[in-house]
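I have placed the structure first, in the form of structure tokens, so that the comments after it can refer back to it.
The values are calculated or read from the model by the stated rules, or taken from the named source; none is laboratory data. These numbers come from a predicted model, not from an experiment. Because the Cβ atoms are built from the backbone with ideal geometry, glycine has one as well, and the counts that use them run over all protein chains shown. For accessibility, only protein heavy atoms count, side chains too; no ligands or nucleic acids. Shrake-Rupley method; radii C 1.70, N 1.55, O 1.52, S 1.80 Å.
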Amino acid sequence: MARMVLKGAIFSYPNFFTPRAASQDPNAKPKYSGAFVFPDPAALVDFKKRAIAVAQERFGDKLKGAKLRTLDTQHGPAIFLVSPSIRVRMPWNDSPEVIAAKGYPAGSTVINARSDTKPGVVSIIPDPNTGKPMVITDESKVYPGVIGNASGDLYAYSNSGNNGVSFGLGNVQIVRDGERLDGRANAADEFDADADAVADLSDLTGDDTPVGIGASDDGDDLSDLIG
């Protein structure tokens, strides 16, 4: 097993707060998961080397003379290490067919990761009390298309004749906003503000506290970022 941190990924299908089943099978166990997209293949050179090393450590001489191949599976093309003795599925996919079908940038590589355990989700903003990355609890901040980092463990498996290396989801960090992959528009971008409108916010929020009372003038409210 090898722990790795992947940086600068586009998050797709981020299920970090609520576990979901990966298939329509009613017996499938819900898991936390995410897909991490890398438009620049160079970003994953070390990841691929370490994934191959994990496979070689587990399957040994069976992988002698193995080559990377794209093979068809029941769920579409996937990347395998193939030798005369064994084929081992790799934890990344750069098949043009898969990338195009998902609408990711051409030439991208995607890594899918899952876990039974809920990942920690943090921002790059330091907690004023600890100096460490602040925890994010607002799910709306973690959307398809946001840019961030992900940690996880590379591990080999062999199950009912299926052999491979997986990337088990660890924790994630949100770094900056990105273009949404789901096409959902931001409400603030769809409507115009009226500079002449002066309304008591209690009319909209039900809060009877006058505007300005209890407000801080020393900076942005971090709760807008972390929920």
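Overview of values
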quantity	calculated
Strands (runs of 3 or more DSSP E) within the range 111-191 that include 3 or more residues in contact with a Lys or Arg (Cβ under 7 Å, 6 or more places away or on another chain) and modelled with pLDDT of 95 or more	147-159, 162-176
Criterion (of a type in the set (K, R) and within 23 Å of Y13 (Cα to Cα)) met by exactly one of K64, K49, K102	K102
Output for the range 19-70, where each listed residue is hydrophobic (A, V, I, L, M, F, W, C), part of a strand (DSSP E or B) and surrounded by 15 or more Cβ atoms within 10 Å (Cβ to Cβ)	A35, F36, V37, F38
Near pairs, Cβ below 6 angstrom, 6+ apart or cross-chain, from the range 119-135 (surrounded by fewer than 14 Cβ atoms within 10 Å (Cβ to Cβ)) to any residue that is not in a loop (DSSP other than H, G, I, E, B)	I124/V175; V135/V122
Residue identified as at pLDDT below 95 and in contact with a Gly (Cβ under 8 Å, 6 or more places away or on another chain) among P41, P14	P41
Within the range 53-87, tally of residues that are under 24 Å from the mean Cα position of the chain (by Cα) and either touching a residue at least 60 places away in the same chain (Cβ under 8 Å) or within 24 Å of K102 (Cβ to Cβ) (or both)	11
Qualifying residue in the range 100-112 (condition: open to solvent by 70 Å² or more (accessible area, probe 1.4 Å) and in contact (Cβ under 8 Å) with a residue 40 or more places away in the chain)	yes
Residues of the range 88-99 satisfying the condition of being more than 18 Å from the chain's Cα centre (by Cα) and either open to solvent by less than 80 Å² (accessible area, probe 1.4 Å) or over 18 Å from N162 (Cα atoms) (or both)	V88, S95, P96, E97
Residues that are in contact with a Leu (Cβ under 7 Å, 6 or more places away or on another chain) and within 20 Å of G152 (Cβ to Cβ), drawn from the range 34-79	G34, F36, F38, F47, R50, A51, I52, V54, A55, Q56, A78, I79
Any hit, the range 8-18, residues being assigned to a strand (DSSP E or B), touching a Ser or Thr at 6+ places or on another chain (Cβ under 6 Å) and under 22 Å from A156 (Cα atoms)	no
